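Here the structure is laid out as C-alpha cells; the discussion comes afterwards.
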Amino acid sequence: MKKNRTKLLFLALALSVGNVLNANNQDVSNEVKQPPIEIRIEKGRGEIIERPVNNNRNNSVSGRGGTQTIRSSAGSITVDSSYSSKGQNYRQRFIILHYTAMDRDGSLRALTNNEVSSHYLISNQENDPVFYLVDENKRAWHAGASEWKTSKNLNDSSIGIEIVNDGDSRGYFEPFKDFQIKDVAVLVRYLADKYEIPATNILGHSDIAPQRKPDPGPLFPWEELYRKYNIGMWYDNARKSEFENEYSSSWASLPAATVQAELNKFGYTISTTGRWDEQTKNVIKAFQYHFRPSKYDGKLDLETYAILKALNEKYNK
Ligand SMILES: [Zn+2]
C-alpha cells in the first residue's frame, strides 16, 4: 500500500512536470498573443517603453569578441570573433508598408495560418499590442514578385509591416486610424534607425509591385510621416512650383519615353515602350497614391510630373 502510494505520488509528480513542459511548449503556438519580443507603444507619446529581450538568438550583434566552440554532428571547431570584416551591412535594407484588406481577426488568421506573412501587424484595435509575427532576421513572405531600382524579390531584403485596414474592398479606400499611424511611425523610425535604412528604401507595396498592388493606398499619410517623423521621402514645395512653371506649356506633349525614363530613374520598374500603355498608367497611379494622393487616375498631369522631377532632383541626382 505504501509502495503504491509512493508510486502514485511519483506518477502525479511526473504528470505535473509533463504538464509544465507541455505548457511551455504550447507557448510557441501562443506567440501571436504573447510575442517573444514585445514592443509596447505608449499611446499618445509614441515611445518604446519596454523591449524585453528573452531570446538570445535575436541578439546577433551581441556576443561577438573572443572565442567559442561550435559543435555539430560532424565534430567541433573553435571560432574567434575578435576580428570583424569591414565590408558588411544589414540584410534588412527596405521597409515595406501594406494594408491587409481584411478585418483584425481575418488578418491575424491569414498571417499566421497561410503562407503569406509579415514581420509586424498593426491592429485596428487600440488595446492590441503591435503583433511581431516573423523574426526580423528571417524572411517574411509579404512582397511577392517585386522590384525597386536594381533590387528584386524584396522579401529577401525587407521588413514587412501590415496594417489592418479594409483597403478599397468596399469600393472606396478606408482611412487609417490616428493611433495606427502613430504605431507605424514608432515602428518604422525604430527599424530605420536600427538597420540604417535610408528614406529612399521606405516604400509601399504599390511602389515595388505597381502592376499588381494598390496598398497601402492613397489614404496612407506619407506626407505626415515625413513632416512629423522624418520618415520616407517627400518633395520640397518650392522646387515643385518651379518645375510646374518650367513645364507649364510643354508637359502635355512630353514623350511617353521621357516620362517612363523619369519614373524608372526614381525607382519604379517600367518598360520604355514609348507608348502611354497600361503598365505606364499603373506606375503613374502608384506614384500618385504615394506622392499626389488628391488625384490618382494614372494619367500624367503637370503637378504629377513636377513632383516627380522635384523628387528625382532631391533623391536621385
Ligand atoms: Zn501588400
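The values are calculated or read from the model by the stated rules, or taken from the named source; none is laboratory data. All of these numbers come straight from a predicted model, not from anything done at the bench. Methodologically, a virtual Cβ is constructed for each residue, glycine included, from the backbone with ideal geometry; neighbour enumeration extends over all protein chains shown.
Observations on the structure shown:
- Meets criteria (surrounded by fewer than 17 Cβ atoms within 10 Å (Cβ to Cβ), assigned to a helix (DSSP H, G or I) and modelled with pLDDT of 95 or more) for Lys265: yes
- Residue count for the range 69-107, restricted to those that are surrounded by 11 or more Cβ atoms within 10 Å (Cβ to Cβ) and either touching a Ser or Thr at 6+ places or on another chain (Cβ under 8 Å) or assigned to a loop (DSSP other than H, G, I, E, B) (or both): 16
- Boolean, Pro210 is within 16 Å of the ligand (Cβ to nearest atom), part of a loop (DSSP other than H, G, I, E, B) and either closer than 21 Å to Lys265 by Cβ or of a type in the set (A, V, I, L, M, F, W, C) (or both): yes
- Being basic (Lys, Arg), touching a Ser or Thr at 6+ places or on another chain (Cβ under 9 Å) and at pLDDT 95 or above is a property that Lys149 has.
- Residue, nearest to Asn201 (Cα to Cα), within the range 241-290, restricted to residues that are in contact with a strand residue (DSSP E or B) (Cβ under 9 Å, 6 or more places away or on another chain) and not polar (S, T, N, Q): Gly267
- For the range 120-136, the criterion of being at pLDDT below 95, on the phi < 0 side of the Ramachandran plot and touching a strand residue (DSSP E or B) at 6+ places or on another chain (Cβ under 9 Å) is satisfied by no residue at all.
- Number of positions in the range 112-123 that are over 19 Å from Trp222 (Cβ atoms) and away from the ligand (no atom under 11 Å from the Cβ): 8
- Condition broken by Ser206, with the remaining ones in (1) assigned by TED's automatic domain parsing to the domain that holds Arg189; (2) of a type in the set (S, T, N, Q); (3) over 30 Å from Val164 (Cβ atoms) satisfied: (3)
- Residue within the range 217-239 that is at negative phi, crowded, with 21+ Cβ neighbours inside 10 Å, part of a helix (DSSP H, G or I) and among the aliphatic types (A, V, I, L, M) present: no
- Residue that is farthest from the chain's Cα centre (by Cα), among those in the range 140-164 that are touching a residue at least 12 places away in the same chain (Cβ under 8 Å) and more than 15 Å from the ligand (Cβ to nearest atom): Lys149
- Here Ser169 meets the list (1) of a type in the set (Gly, Ala, Ser); (2) in contact with a strand residue (DSSP E or B) (Cβ under 6 Å, 6 or more places away or on another chain); (3) modelled with pLDDT under 95 almost entirely, failing just condition (2).
- The range 188-206, subset of a type in the set (A, V, I, L, M) and within 16 Å of the ligand (Cβ to nearest atom), residue farthest from His142 (Cα to Cα): Val188
Per-residue answers, yes or no, for (1) more than 22 Å from Pro198 (Cβ to Cβ); (2) of a type outside the set (Asp, Glu); (3) within 16 Å of the ligand (Cβ to nearest atom):
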| position | (1), (2), (3) |
| --- | --- |
| Arg93 | no, yes, no |
| His98 | no, yes, yes |
| Met102 | yes, yes, yes |
| Ser107 | yes, yes, yes |
| Gln125 | yes, yes, no |
| Pro129 | yes, yes, no |
| Leu133 | yes, yes, yes |
| Glu136 | no, no, no |
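- Selection of first residues in the range 279-307 that are without any contact (Cβ under 8 Å) to a residue 24 or more places away in the chain and farther than 16 Å from Lys213 by Cβ and of second residues that are among the aromatic types (Phe, Trp, Tyr) and part of a loop (DSSP other than H, G, I, E, B), restricted to Cβ pairs under 9 Å at least 6 apart or on distinct chains, gives the following pairs, ordered by first then second residue: Lys299/Trp276.
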